[in-house]
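Worksheet: the structure to be examined is printed underneath.
The values are calculated or read from the model by the stated rules, or taken from the named source; none is laboratory data. Only a predicted model underlies this, so the values are computations on that prediction, with no experimental measurement involved. Ideal geometry is used to build each Cβ from the backbone, glycine not excepted, and the neighbour counts take in all protein chains shown. Areas reflect the complete protein model, heavy atoms only, side chains present, ligands, DNA and RNA absent. Shrake-Rupley method; radii C 1.70, N 1.55, O 1.52, S 1.80 Å.
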Amino acid sequence: MSTPRRFLFAVWDGGGNVPPAFGLIRRLVERGHRVRVLGDPTLAEEARLAGADHVPWKDAPHRKSRHPEDDVFRDYEIGNPLTMVREYLESFVGRPAAAWAGETLAALESWLPDLLVSDLYLPATLIAGEKFGIPTAAYCPNIWMLPTPGIPPFGLGWAPARGPLGRLRDRVLRSLSRGAFQRAVPHFNEVRRHYGLPELADFHQQALAADEIHVLTSPLFDFTSPALPSNVHYCGPILDDPPWCEPWRGPWSSGDPRPLVLVAFSSTYQKQAATLRRIVDALSSLPVRAVVTLGPALDPGAVPGSANVVVVRSASHQALLSEASLLVTHCGHGTTMRGLVAGVPLVCLPMGRDQNDTAARVVHRGAGERLPPGASVTRMRRTIQRVLERPSYRLSARSLGEAISSRQGCVDVVASLEHLASRGNSRPASSDRSLHAASASAPSTSGTTLVNPELGHTGPSLAK
């Protein structure tokens, strides 16, 4: 064990971003470190179970409960992805920047930690770390989503560009996306002026200001680019079950020959009940067994089951996937990773957020198919049958899952955070961290290029 250190985590309750964050916290506590969590009141129990202290956000945006009426940002009411990004950056990231930075600085001053670790999507918290003069790290709980040359623009669910027209398409959309991200910059600069820090010209200068950024997925799953900054490292997924997950005891006999289908959608509200009801209808006439897990956001009565479809509030996905033949999902990152690691093919019905882009990666790797959430019962049934019956989907899912499990191209995130915490107030230069000047053809300073011929994927091979 390394020398015990103090870590302050700045987190928010966004649903799927919570289990990987607290999985990381739990691993640090198990290695003898002290961790304090600055986060939503709804995260107090997760902090306790992970062995960490908890301090609630007061003025910064936060959930008071996990009921839909207490959602801080209702992205499910916004249909256009670019509009959603603009609204999110203005209302959740930009305007509250003073509160994010102020409460983080107060926590730093009161507890004197060795390292600040922030969710990548709370960039204003890093202003507090800069003012306090402490090393900082950020974690990205899912795929890489910041506008980056060589990676399709966020929100549209596109595969990597092919040919001049595809690259032109990405450049135009990436420019529009960057313009949306810029909406937060005036708010950042107002806070920075207040703390006597220099102003920034670009959103990425603030978002990438951490000494190290840890992406909690596999570079063999994500779309990567040599234009990624040198402080960005892939670390592989953290797949701990959430504490509200219940044990699974199936109603079927152990010798039941029917394939098992797991249906798992968001743990937060995304207007998913109508889609889930159509999925139940589609499965009810197929020779399968199925389990639908609703999560804490939906009332169990919102989605009735059937003779061969059991609907439950929660169940261990890892236990179910060990015997499942298919995963039908919204394609949240954690659910997707669990399915692939188990070698289970997917039918993806993304509802928003990062889900369409995660689904694009699944489809690009041949591990499943994608449908719109409004697809008809007939179309759902045919797609489910096709993915169940064609061996190629399971073979691709198994190959991809093995690649993810190998952690090839990944750094040890716990060891990396421990090393950073041991450095004191020594901070490296950050001049190479802006993607504004990055070129898609520039060599990656994160390491050499790794090509996996089985998956047809190029990604960074990072030094361990």
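Some notes on this structure:
- Residue in the stretch 257-292 that is farthest from residue 314 (Cα to Cα), counting only those that are outside any loop (DSSP other than H, G, I, E, B), open to solvent by 10 Å² or more (accessible area, probe 1.4 Å) and free of Cβ contacts under 8 Å to residues at least 40 places away in the same chain: 284
- Set 49, 43: member being open to solvent by 40 Å² or more (accessible area, probe 1.4 Å) and not aromatic (Phe, Trp, Tyr): 49
- Check on residue 136, open to solvent by less than 10 Å² (accessible area, probe 1.4 Å), in contact with a strand residue (DSSP E or B) (Cβ under 7 Å, 6 or more places away or on another chain), farther than 20 Å from residue 235 by Cβ and touching a residue at least 24 places away in the same chain (Cβ under 8 Å): no
- Residues of the stretch 153-191 satisfying the condition of being among the charged types (D, E, K, R) and in contact with a Pro (Cβ under 7 Å, 6 or more places away or on another chain): 170, 174, 178
Here is a yes/no grid of residues against (1) buried (at least 16 other Cβ atoms within 10 Å of the Cβ); (2) out of contact with any helix residue (DSSP H, G or I) (no Cβ under 9 Å at 6 or more places or on another chain); (3) assigned to a helix (DSSP H, G or I); (4) touching a residue at least 40 places away in the same chain (Cβ under 8 Å):
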| site | (1), (2), (3), (4) |
| --- | --- |
| 79 | no, yes, no, no |
| 90 | no, no, yes, yes |
| 93 | yes, no, yes, yes |
| 98 | yes, no, yes, yes |
| 106 | no, no, yes, no |
| 123 | yes, no, no, yes |
| 159 | no, no, no, yes |
| 175 | no, yes, yes, no |
| 179 | no, no, yes, no |
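- Per-region count, the stretch 181-209, residues in a loop (DSSP other than H, G, I, E, B) and among the hydrophobic types (A, V, I, L, M, F, W, C): 5
- Of the residues making up the stretch 389-423, just one is over 30 Å from residue 368 (Cβ atoms), of a type in the set (S, T, N, Q) and touching a strand residue (DSSP E or B) at 6+ places or on another chain (Cβ under 8 Å), namely 416.
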